[in-house]
Amino acid sequence: MPRPRHLAALLSLALASLAAADAATSPVLYGEWRSSRFGGGGYTLDVAISPSRPDVWQVPCDVGGVFRSDDAGLSWRMIHGTLPPRAGNYCIRSLSPRDDNPDDMLIAAGSQWFEPEGIYRTTDGGQTWQDVLRAPFYGNEHYRWTGRLFARSPDSPDTVLVATQGAGVFLSSDSGASWKSLGLDGLNFTDIKFDPH
């Protein structure tokens with residue numbers, strides 16, 4: 001028969017296991033905020049809220065893919081499931097949906113530890129993706145929190161700049177369907193913007 005000391009240790013272990021299991025399935029609350037538990041670890045790098053459809057929110061995660069909410073953040077779903085199944089495609093450094101159509105979006109995917117990925121474009125809200133530019137992006141690098149690597153012209157949503165990790169800056173005039181190099185190779189960009197004037 002177990003001794004009382006052993007029974008107390010077993011009871012403590014059982015209670016700790018129950019508490020851990022309950023914590024794993026219960027939402028984490030932060031005041032009025034509740035964690036949506038994306039999984040995969042890492043950072044949520046940005047929240048893109050659509051001006052034309054304010055209930056559509058999209059976020060890139062540095063090691064977790066791309067997620068979308070159609071109810072202003074109440075629920076989320078991953079939209080990277082149809083990207084080619086390579087490790088670098090879970091490392092999203094930046095994204096750029098069109099202001100007038102959030103279903104038309106660009107993402108910059110890649111990792112310094114895998115073969116370069118590049119820019120993918122969806123025009124159907126992430127149901128399908130097109131590989132539109134091979135270039136190095138590091139979703140999980142030290143300066144990922146410093147800014148956005150896409151910039152859309154305030155005068156034309158079809159005009160987009162992207163800054164890469166070492167391959168320079170590229171310009172698209174057709175919302176990301178094709179790209180032209182503008183040079184500046186060898187630099188590790190952390191942010192890019194259009195001059196609003």
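The values are calculated or read from the model by the stated rules, or taken from the named source; none is laboratory data. Just so we're clear, the structure is a prediction, and the values are computed from it rather than from any experiment. For neighbour counting, all protein chains shown are included, and Cβ atoms are generated from backbone atoms with ideal geometry for every residue, glycine included. Keep in mind that these areas ignore ligands, DNA and RNA; they rest on the heavy atoms of the full protein, side chains included. Shrake-Rupley method; radii C 1.70, N 1.55, O 1.52, S 1.80 Å.
Worth a mention:
- Test: residue in the stretch 85-103 that is part of a helix (DSSP H, G or I), open to solvent by less than 10 Å² (accessible area, probe 1.4 Å) and in contact with a Gly (Cβ under 6 Å, 6 or more places away or on another chain): yes
- Within the stretch 146-162, the set of residues being touching a Leu at 6+ places or on another chain (Cβ under 7 Å) and either aromatic (Phe, Trp, Tyr) or modelled with pLDDT under 95 (or both) comprises PHE150 only.
- Subset of the stretch 117-129 [in a strand (DSSP E or B) and either exposed (fewer than 13 other Cβ atoms within 10 Å of the Cβ) or not polar (S, T, N, Q) (or both)]: GLY118, ILE119, TYR120, ARG121
- One residue from ARG148, ARG34, ARG98, ARG134 being touching a strand residue (DSSP E or B) at 6+ places or on another chain (Cβ under 6 Å) and without any contact (Cβ under 8 Å) to a residue 60 or more places away in the chain: ARG134
- Per the listing PHE137, PHE114, the residue uniquely surrounded by fewer than 18 Cβ atoms within 10 Å (Cβ to Cβ), of a type in the set (Phe, Trp, Tyr), touching a Gly at 6+ places or on another chain (Cβ under 8 Å) and not in a strand (DSSP E or B) is PHE114.
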